[in-house]
1. Can you tell me how many residues in region 14-44 are in contact with a Gly (Cβ under 9 Å, 6 or more places away or on another chain) and free of Cβ contacts under 8 Å to residues at least 40 places away in the same chain?
2. Any residue in region 25-44 that is surrounded by fewer than 20 Cβ atoms within 10 Å (Cβ to Cβ), in a loop (DSSP other than H, G, I, E, B) and hydroxyl-bearing (Ser, Thr, Tyr)?
3. Considering only residues that are in contact with a Ser or Thr (Cβ under 8 Å, 6 or more places away or on another chain) and at pLDDT 90 or above, look in region 13-42 and name the one that is farthest from Ser92 (Cα to Cα).
4. Filter region 1-34 down to residues that are closer than 20 Å to Tyr70 by Cβ and under 20 Å from the mean Cα position of the chain (by Cα), then give me how many there are.
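The values are calculated or read from the model by the stated rules, or taken from the named source; none is laboratory data. Treat the numbers as computed from the prediction; the structure is a model and nothing was measured. Positions of Cβ are generated from backbone atoms using ideal geometry, with glycine treated the same way; all protein chains shown enter the neighbour counts.
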Amino acid sequence: MFGLTPFMYATAYKDSLDCMRVLYAYCPECIRDVDKMGNDALHLAVLYDNIEGVAYLLRKGFDMMKMNHYKETALDLAYKNSRYHVAKLLESRKYTIGLSTHIRLLKYLQSHPHKVHIVRSVFTTFTVVCDTFMCFTNVYLNLLILFGLIVLYINFYMFAS
């Protein structure tokens, strides 16, 4: 384990949650630290099967989609190293993160009612795309794509206006 910060080193050990909390409290910038292979603390917690550490890091805002130098996310490493219980936690967290994004989007639309026409056009576009290709059988994937399109349209119209 070469090139690790104390915080990253703590994530590699089970039962080190208290140590992680103390180190993070004194150095919240550690969220950006990576080792020589591009792994951050979340990658290391997954590699060393520290499920409590993974849950803590996700609550602290670590990006579960961040890739190391080998283009592997924490979820990729969980499956690659047969850490299926950690993968299950990461998968469930993926939908929770998406849901919080959707809630923020709905709050934005409430405060900007003149943007509702954008949502209507996105629903129409999404329906045409799904009817044409029918390639997404997963309902969650369809919803994530729909809300992603909404966010893109809103961002486009916000900058265009």
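1. Number of matching residues: 11.
2. no
3. By that ranking, first place goes to Asp33.
4. Residues flagged as closer than 20 Å to Tyr70 by Cβ and under 20 Å from the mean Cα position of the chain (by Cα) within region 1-34 amount to 5.
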